[in-house]
Amino acid sequence: MILIDFAPGLHGHFLEFIVNRYIFDVEYCIDSIFQSTGAAHVINVDPVYQQNKIVESRHYSSLMNNRYYSENINQIIFIKHNPNFDFVLLTNIFYRCHSKAIHSKDIDVDLIIEFHKQLMAADSVTDQDLKNNWFAKLQGRHFVECEKKAKSNILVFDFDFGSFFTLTTFLKELQRTADYLGMTFKFDQSLVNIWNEFIEKNQGYKLYNLGNHLLTQIYNNHTVEIPNDWKLHAYINHNIAETFRLYDGELFESEAYPTNTQHIHKIILNHIASFDTRFS
């Protein structure tokens, strides 16, 4: 058995299909592997694919709490989380991960969103609460489960989570995967088409890019509108805290978040100007 071991949100079903299709040439009958949420769970309801697949993906280490890989597993591809993409992972879990989604052709994304909001409801009611909840997760790196890895006596191939998000690095990582499996990487245009659909539907990577763009505008003191999205606000606050040791004040305590980048630039400058006086 060949296993893809991955934690929720790390795109294991997508990678399973790609490895089966473009390394083992496995047959399938579905038109698109993606649900409207962007998750590749449709492969789980394709009988042709399920009957023919060579590689199987599971939450083996993260949710099954296995300390050792089973003896019937011959080769292991472990999707290794890349800390640079914590926010991408957190966002995609929020939009995609739900037990009812795994074996469905499609699912209402609002159902998934409400499920995750309810999980956060103990200490999160308003957008400000939700923003600060995610800020704490990003600052404290609450990603222990996704970094669990069972032990093995055989060589485990680490597939970099960060390689999913640019086509060149993704293709290189697939070539490395094929080398590990002792197979040939069978590239063609259809793989590029599937990756383009994958990245277009990737909520986390889109929001990550927008957040980085807005941070650049903030540092340049340009005036650009900031969307009203508490997830985005949490990411901006996380980066500003890491860069300028700014952990309180308007960005964290006000119900209304700044609506333009120049406003945040002024907050940063005021923080720097008064920082030393806090300790005098």
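Residue count for segment 253-269 satisfying the condition of being at pLDDT 95 or above and either of a type in the set (Val, Ile, Thr) or in a helix (DSSP H, G or I) (or both): 10.
From the list LYS53, LYS117, the one residue that fits, being more than 15 Å from the chain's Cα centre (by Cα) and either on the phi > 0 side of the Ramachandran plot or buried (at least 19 other Cβ atoms within 10 Å of the Cβ) (or both), is LYS53. Screening ILE236, ILE194, ILE218 for residues that are in the same structural domain as VAL19 (by TED's automatic domain parsing) and either touching a residue at least 40 places away in the same chain (Cβ under 8 Å) or within 24 Å of HIS116 (Cβ to Cβ) (or both) leaves exactly one candidate, ILE194. Inspection of segment 210-223 finds no residue satisfying the criterion of being within 21 Å of THR169 (Cβ to Cβ), part of a helix (DSSP H, G or I), small (Gly, Ala, Ser) and over 16 Å from the mean Cα position of the chain (by Cα).
Conditions tested, residue by residue: (1) of a type in the set (Ser, Thr, Tyr); (2) buried (at least 16 other Cβ atoms within 10 Å of the Cβ); (3) more than 25 Å from ILE236 (Cα to Cα).
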| position | (1), (2), (3) |
| --- | --- |
| HIS59 | no, yes, yes |
| SER62 | yes, yes, yes |
| ASN65 | no, no, yes |
| GLU71 | no, no, yes |
| ILE76 | no, yes, yes |
| ASN82 | no, yes, no |
| PHE87 | no, yes, no |
| PHE94 | no, yes, no |
| HIS103 | no, no, yes |
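LEU207 meets each of the listed conditions (1) within 30 Å of ILE272 (Cβ to Cβ); (2) surrounded by fewer than 13 Cβ atoms within 10 Å (Cβ to Cβ) apart from (2). Can you pull out the residues in segment 32-74 that are free of Cβ contacts under 8 Å to residues at least 40 places away in the same chain and either outside any loop (DSSP other than H, G, I, E, B) or touching a helix residue (DSSP H, G or I) at 6+ places or on another chain (Cβ under 7 Å) (or both)? Listed by number, the residues that qualify are ILE43, PRO47, VAL48, TYR49, GLN50, GLN51, ASN52, LYS53. Scan segment 121-132 residue by residue and report those that are surrounded by 16 or more Cβ atoms within 10 Å (Cβ to Cβ) and of a type outside the set (Ser, Thr, Tyr). ASP127, GLN128, LEU130, LYS131, ASN132 - these are the residues of segment 121-132 that are surrounded by 16 or more Cβ atoms within 10 Å (Cβ to Cβ) and of a type outside the set (Ser, Thr, Tyr).
Checking ASP123, ASP129 one by one, the residue that is modelled with pLDDT of 85 or more, among the acidic types (Asp, Glu) and out of contact with any Gly (no Cβ under 7 Å at 6 or more places or on another chain) is ASP129 and no other. Looking across LEU90, LEU15, LEU111, one residue alone is outside the structural domain of GLU197 (by TED's automatic domain parsing), of a type in the set (A, V, I, L, M) and in contact (Cβ under 8 Å) with a residue 40 or more places away in the chain. It is LEU90.
The values are calculated or read from the model by the stated rules, or taken from the named source; none is laboratory data. As the structure is a prediction and not an experimental result, all values here were calculated from the model. Note that each Cβ is placed from the backbone with ideal geometry, even for glycine, and that neighbours are counted across all protein chains shown.
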